[in-house]
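The values are calculated or read from the model by the stated rules, or taken from the named source; none is laboratory data. Computed from a prediction, not measured in an experiment: that's the story for all the values here. Counting neighbours? That spans all protein chains shown, and the Cβs are built from the backbone with ideal geometry, glycine included. With ligands, DNA and RNA removed, areas are computed over all heavy atoms of the protein, side chains included. Shrake-Rupley method; radii C 1.70, N 1.55, O 1.52, S 1.80 Å.
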Amino acid sequence: MARLLREYNLIGAYVYIEKQISIPASTAWSIHSTAYGMGLWHGACVAAGCKVVLLPHTQWQRARDDQVREWTDAGVWSEETQMLKRKSRGSERPKKDKHHYNRKKSFEAAKRLFPELATHLVHVSHHHGRAEALLMGWFALKQPCSMVPRTSANLS
């Protein structure tokens, strides 16, 4: 992985990795495998000379939600997504609906922000990571240059 990253000559570049958290209902194996994967990418990026930023999911999702609110106020947000939101409101909403809505919102936002990549964003379960990765990158690009994040490479 580090060799692949070095081929792109990313020395000194910031790489944003979603910070993994344990969910109380998760099994020990699930928590271990998620953290292991994050650790592999973290290590490979540092070995390739990148600066790693561990980004909590709440930060990029909040930015996505703010952008969606702007589109809704401007009247350009997908009616299908607005209907799904209305259906999934309320305290009786099952968790599955909430996750489905968040994934749908990520797909719709990524398609609107990156229309040239819309053909690569089909709403199927194995593509939701693509939409979220695009949104994390979009969030990273929106950060002001003067705000250098604390990373594992520059904690001193």
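Can you work out which of the residues in the range 1-17 that are assigned to a helix (DSSP H, G or I) and open to solvent by 50 Å² or more (accessible area, probe 1.4 Å) is modelled with the highest pLDDT? Give the derivation first.
Narrowing the range 1-17 to residues assigned to a helix (DSSP H, G or I): 2-7.
Then keep just the ones that are open to solvent by 50 Å² or more (accessible area, probe 1.4 Å); that gives 3-4, 6-7.
Values: 3: 80, 4: 81, 6: 82, 7: 86.
So, considering only residues that are assigned to a helix (DSSP H, G or I) and open to solvent by 50 Å² or more (accessible area, probe 1.4 Å), the one modelled with the highest pLDDT is 7.
Taking the range 18-72 as the search range and keeping residues that are acidic (Asp, Glu) and surrounded by fewer than 15 Cβ atoms within 10 Å (Cβ to Cβ), which one is nearest to the chain's Cα centre (by Cα)? Even if it seems obvious, please write down each step before you answer.
Within the range 18-72, the first condition is being acidic (Asp, Glu), and the residues that meet it are 18, 65-66, 70.
Subsequent filtering for residues that are surrounded by fewer than 15 Cβ atoms within 10 Å (Cβ to Cβ) retains 65-66, 70.
Working: 65: 12, 66: 15, 70: 19 Å.
The selected residue is 65.
Kindly list, by first and then second residue, each pair from a residue in the range 1-21 that is under 18 Å from residue 55 (Cβ atoms) to a residue that is basic (Lys, Arg), limited to pairs with Cβ atoms under 6 Å and residues at least 6 apart or on different chains.
14/51
Under 8 Å between Cβ atoms, at least 6 apart or on separate chains: pull out the pairs that start in the range 27-43 with a residue that is farther than 19 Å from residue 3 by Cβ and end on any residue that is at pLDDT 90 or above and of a type in the set (Val, Ile, Thr).
What qualifies is 38/17.
Check off (1) in a helix (DSSP H, G or I); (2) at pLDDT below 90 for residue 40 and give me the number that stays unchecked.
Tallying (1) in a helix (DSSP H, G or I); (2) at pLDDT below 90, residue 40 fails exactly one: (2).
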